[in-house]
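Participant: Have a look at the structure that comes next, please.
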Amino acid sequence: MKKVVLVCNGGLSTSIMAKKLNDMGGNDYDVYAYGEQEYEEHLDGVDCVLIGPQIRYLLPGIRAKVGNDVPVEVIEPRTYGTMNAAKVVEQLNRMTTK
């Protein structure tokens, strides 16, 4: 099982996405949602990080904190806005099979 961290402003909207992903992802992903103020405390063993589009400006700083070995990407705004978990699973599959 791959550990995924979702990051947004306060963790509220990503917690909705995390629940959908956990329901849909089966045994492939274990998804957690955190706000931008707390995600750093939860990076141990993380396989990839997805960022909510509302904080995409933080991408360089989050990449620097996560490190080069862990892929970090922004969720596409339309995908995030419609809570399209299937599209996010596609993104996770691509990110974790590199």
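Participant: When only DSSP loop residues count, what GluC sites (Glu not before Pro) in the range 9-98 have their Cβ near at most 15 other Cβ atoms within 10 Å?
Facilitator: Here the sparse-neighbourhood loop sites are E38.
Participant: At 20 °C and 1.002 mPa s, what whole-number value in µm²/s does Stokes-Einstein give for the translational diffusion of the range 24-98, with Rh from the Kirkwood sum over Cα pairs?
Facilitator: Using the Kirkwood radius from Cα pairs, D works out to 165 µm²/s.
Participant: Please give the calculated 222 nm ellipticity per residue for the chain, where each DSSP H segment of at least 4 residues contributes -39500 (n - 2.57) and the sum is spread over every residue; nearest 500 deg cm²/dmol?
Facilitator: -11000 deg cm²/dmol
Participant: Considering the dipole of the range 1-90 built from charges on the beta carbon (Lys and Arg +1, Asp and Glu -1) around the Cα centre, which of P71, L59, Y29 is farthest to its positive end?
Facilitator: Most positive-ward Cα: L59.
Participant: Taking the Cα centroid of the range 1-51 and of the range 75-92, what is the distance between the two, rounded to the nearest whole Å?
Facilitator: Answer, in whole Å: 13.
Participant: Report the dimensions of the range 11-55 along its three principal axes from the alpha-carbon atoms, largest first, rounded to Å.
Facilitator: That gives 28, 23, 13 Å along the principal axes, largest extent first.
Every number in this text was worked out from the coordinates using simple rules, so none of it is lab data. It should be emphasised that the depicted structure is a prediction, and the values quoted were computed from it without experimental measurement. FYI the Cβ positions are ideal-geometry reconstructions off the backbone, even for glycines, and counts take in every protein chain you see.
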